[in-house]
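Visitor: Quick one: the structure is below, questions incoming.
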Amino acid sequence: MSKLHLVFGGRVSDPRTLDFADLKAIDVVGIFGDYASAEKAWRAAAQRTVDDAEMKYVVVHLHRLLEPELPAA
């Protein structure tokens, strides 16, 4: 199985949390088959909004959600 990663982001109510203010406005960057590709997409998305402290992008390890019994490494 590919190690799928989801990259998404949006406006958060508090920059110290992942409490997204408007779930309908979430920006789904994409799903990637490896961490390196996901990180590259995350960096590009985060760089576009670097001056807005209330915008946050994250990488979610979908493969860990789909098969939690597999070791992380």
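Visitor: Among the residues of the stretch 5-19, which ones are β-branched (V, I, T) and part of a strand (DSSP E or B)? Break it down into steps so the answer makes sense when it comes.
Guide: Step one: list which residues in the stretch 5-19 are β-branched (V, I, T), which gives 7, 12, 17.
Residues satisfying the conditions are V7, V12.
Visitor: Sticking with this one: Among the residues of the stretch 53-63, is any in a helix (DSSP H, G or I), open to solvent by less than 50 Å² (accessible area, probe 1.4 Å), without any contact (Cβ under 8 Å) to a residue 60 or more places away in the chain and out of contact with any helix residue (DSSP H, G or I) (no Cβ under 6 Å at 6 or more places or on another chain)?
Guide: Taking every residue of the stretch 53-63 in turn, at least one turns out to be in a helix (DSSP H, G or I), open to solvent by less than 50 Å² (accessible area, probe 1.4 Å), without any contact (Cβ under 8 Å) to a residue 60 or more places away in the chain and out of contact with any helix residue (DSSP H, G or I) (no Cβ under 6 Å at 6 or more places or on another chain).
Visitor: While we're here: Just to be sure before I move on: is F20 open to solvent by less than 70 Å² (accessible area, probe 1.4 Å) and either of a type in the set (G, A, S) or touching a helix residue (DSSP H, G or I) at 6+ places or on another chain (Cβ under 9 Å) (or both) in the structure I sent?
Guide: Here the answer is no, as F20 does not meet what is asked.
Visitor: If you don't mind, another one. Scanning the stretch 1-17 for residues that are under 22 Å from R64 (Cβ atoms) and surrounded by fewer than 12 Cβ atoms within 10 Å (Cβ to Cβ), which turns out nearest to the chain's Cα centre (by Cα)?
Guide: Filtering the stretch 1-17 for residues that are under 22 Å from R64 (Cβ atoms) and surrounded by fewer than 12 Cβ atoms within 10 Å (Cβ to Cβ), the one nearest to the chain's Cα centre (by Cα) comes out as T17.
The values are calculated or read from the model by the stated rules, or taken from the named source; none is laboratory data. Fair warning: this is a prediction, and the values are worked out from it, not measured in the lab. Quick reminder, even Gly has a Cβ in these numbers, built from the backbone with ideal geometry, and neighbours come from all protein chains shown. Areas reflect the complete protein model, heavy atoms only, side chains present, ligands, DNA and RNA absent. Shrake-Rupley method; radii C 1.70, N 1.55, O 1.52, S 1.80 Å.
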